[in-house]
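The structure appears below as structure tokens.
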Amino acid sequence: MSGSLEGGCSCGMVRYRLTSEPLFVHCCHCLNCQRQTGSAFVINLLIETDRVELLAGEPQPVDVPRDDGSAQRIFRCPSCQVAVFSEYGRPEVRFVRGGTLDEPSAVTPDVHIFTRSKVPWLTLPGDTAAFDVYYDLRTLWPPASLERLDAILALRGDG
Ligand SMILES: [Zn+2]
Ligand SMILES: [Zn+2]
């Protein structure tokens, strides 16, 4: 991945820049993501929270119920309400929504997850890992991303 990844909301109040490449890129086909986006799937760039530099605006957290009873914190532009990133119970990691990048085509999913609820008219590329539900980070993430993950876990004291 080359160059900087920048993006923002629809009205321009929120602008962000990723200061490094993401840890991993998910394409999630779960029903929560379909409902939240009103689309067939979501593209999430997983990256350390401190590598998401806010250039403008202050995205506001909104806790959204998920089917399993938990809540997902989604950060939205306070004005146009477009969701720019979310958090899944781990504040050190952001899930940046790929569609809010200035150039969404700059990223390609590293993995497709929750394909059990994938819409049937969508055919996935055969050369990208795909899982009915989830997957094992330790076997799929590149070593550099696992090192970064270990740094996050060490910060938390998770070991
Ligand atoms: Zn906005
Ligand atoms: Zn999902």
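The values are calculated or read from the model by the stated rules, or taken from the named source; none is laboratory data. From a predicted model like this one, the values you see are computed outputs, not experimental measurements. In this analysis, Cβ positions are derived from the backbone assuming ideal geometry, glycine residues included, and neighbour counts consider all displayed protein chains. With ligands, DNA and RNA removed, areas are computed over all heavy atoms of the protein, side chains included. Shrake-Rupley method; radii C 1.70, N 1.55, O 1.52, S 1.80 Å.
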(request) Kindly indicate whether any position in segment 2-10 is at pLDDT 95 or above, within 16 Å of ligand 2 (Cβ to nearest atom) and in a strand (DSSP E or B). (result) no
(request) Look at Ile47 and say whether it is within 16 Å of ligand 2 (Cβ to nearest atom) and either under 26 Å from Leu146 (Cβ atoms) or in a strand (DSSP E or B) (or both). (result) no
(message) Exactly one condition in (1) closer than 22 Å to Val111 by Cα; (2) touching a residue at least 40 places away in the same chain (Cβ under 8 Å) is false for Arg35; which is it?
(response) (2)
(request) May I ask you to say which residue of Val119, Val133 is closer than 23 Å to Asn32 by Cα and either touching a Phe, Trp or Tyr at 6+ places or on another chain (Cβ under 7 Å) or assigned to a strand (DSSP E or B) (or both)? (result) Val133
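For residues that are on the phi > 0 side of the Ramachandran plot and open to solvent by 60 Å² or more (accessible area, probe 1.4 Å), scanning just segment 114-159, find the one that is modelled with the lowest pLDDT.
That would be Gly159.
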(message) Cβ contacts < 6 Å: first residue farther than 20 Å from Leu153 by Cβ, restricted to segment 74-99; second residue open to solvent by 30 Å² or more (accessible area, probe 1.4 Å) and of a type in the set (A, V, I, L, M, F, W, C), any location; separation 6+ or different chain. Result?
(response) Ile74/Val62; Ile74/Val64; Arg76/Val62; Cys77/Met13; Ser79/Cys11; Ser79/Met13; Cys80/Cys11; Gly98/Ile43
(message) Just the residues that are among the small types (Gly, Ala, Ser), open to solvent by 60 Å² or more (accessible area, probe 1.4 Å) and either within 16 Å of ligand 1 (Cβ to nearest atom) or not in a helix (DSSP H, G or I) (or both), please, taken from segment 70-113.
(response) Ala71, Ser79, Gly89, Gly99
(request) Please give the number of the condition Asp67 fails out of (1) assigned to a loop (DSSP other than H, G, I, E, B); (2) crowded, with 16+ Cβ neighbours inside 10 Å. (result) (2)
